[in-house]
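These notes are about the structure you will find just below.
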Amino acid sequence: MRPDIALAQACKETGYFRFAGAVKPDMNNFCGLKTSKPSGDKTSDHAAFPDPPTGVEAHIQHLFAYASTDPIPAGRKLVDPRFDIVAKVVGRGVVKSVEELGGKWASNPNYGKSIVTDYLNKMLAYKIEENINYKALFEEEKRRNQQLNQRIQSLEQILAGIAAQTQPFLKKN
C-alpha cells in the first residue's frame, strides 16, 4: 500500500480536503466511503469516523480489501464498514493497479485513471527546492516581523496623537 496513492485518492474524493460534496469534514471520511447499507449519495449514506486516524485507517483498509486477499494485519481493528462487502461484490484482491479501481471502487470506469493522471502524477511531478537555507529564511521573517511591529507602533503613536488633537473638538453630552 503506497501512501501517496491513498493521499492522491483522498485529494480526489475530498476536493483537496475542501469537502464540497456529501461528505463533511467532521465525518473524518477521506475516501468517500459509504455505510454498509447506503440508499444513495446523501451525507447519511457515507460513513463517519470518530477522528482522523480512524478515518485514514478505514481508507487504507478499504484499499487493502481491493488489493489483497490477506486478512487485516494482526493487532488492527476492522473499522471499514464495507470491508466484507468488497469480497461479495467484486472480490478481494482483484485490483493490482490504481487504474483498476475504476468500475470497482466507483462506478466510473476512469476513476482509477483519474487518480493517477489528475492527482498522483501532479503530486509526483512537483519540484521541491533542495537547497533551502531555512536559517536565512527564518532570520528574514524575523526581520520583517520586527519592521512590521515598528510600523504598528508608529501608527499607534500617530493615532494617539490624532485622538489627543481631536478631543477638544468633540461635543460632550
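The values are calculated or read from the model by the stated rules, or taken from the named source; none is laboratory data. Model, not experiment: these values are computed from the prediction. Here Cβ is always computed from backbone atoms with ideal geometry, including for glycine, and neighbour counts include all displayed protein chains.
Here are some notes:
- Those residues of the range 20-60 which are more than 21 Å from Ile115 (Cα to Cα) and among the aromatic types (Phe, Trp, Tyr), in sequence order: Phe49
- Near pairs, Cβ below 8 angstrom, 6+ apart or cross-chain, from the range 123-144 (farther than 20 Å from Pro3 by Cβ) to any residue that is among the aromatic types (Phe, Trp, Tyr) and not in a helix (DSSP H, G or I): none
- Qualifying positions in the range 81-117 - under 17 Å from Thr35 (Cβ atoms) and of a type in the set (Phe, Trp, Tyr): Phe83, Trp105
- Matching residues in the range 41-79 - criterion: being among the small types (Gly, Ala, Ser) and on the phi < 0 side of the Ramachandran plot: Ser44, Ala47, Ala48, Gly55, Ala58, Ala65, Ala67, Ser68, Ala74
- Filtered by the rule that a residue be at pLDDT below 95 and in a loop (DSSP other than H, G, I, E, B), the range 76-90 gives a lone residue, Val90.
- Assessment of the range 67-74 against the conditions (part of a helix (DSSP H, G or I), of a type in the set (D, E, K, R) and more than 20 Å from Thr117 (Cβ to Cβ)) yields no matching residue.
- Leading residue by the ranking (modelled with the lowest pLDDT) among those in the range 125-162 that are of a type in the set (S, T, N, Q) and outside any helix (DSSP H, G or I): Asn131
- Unique residue being surrounded by fewer than 19 Cβ atoms within 10 Å (Cβ to Cβ) and of a type outside the set (Asp, Glu) when the list is Ala22, Ala65, Ala58: Ala22
- In the set (1) at negative phi; (2) free of Cβ contacts under 8 Å to residues at least 24 places away in the same chain, Lys104 fails one condition alone, (2).
- Apart from one condition, Pro81 fits all of (1) over 24 Å from Tyr16 (Cβ atoms); (2) surrounded by fewer than 15 Cβ atoms within 10 Å (Cβ to Cβ); the exception is (2).
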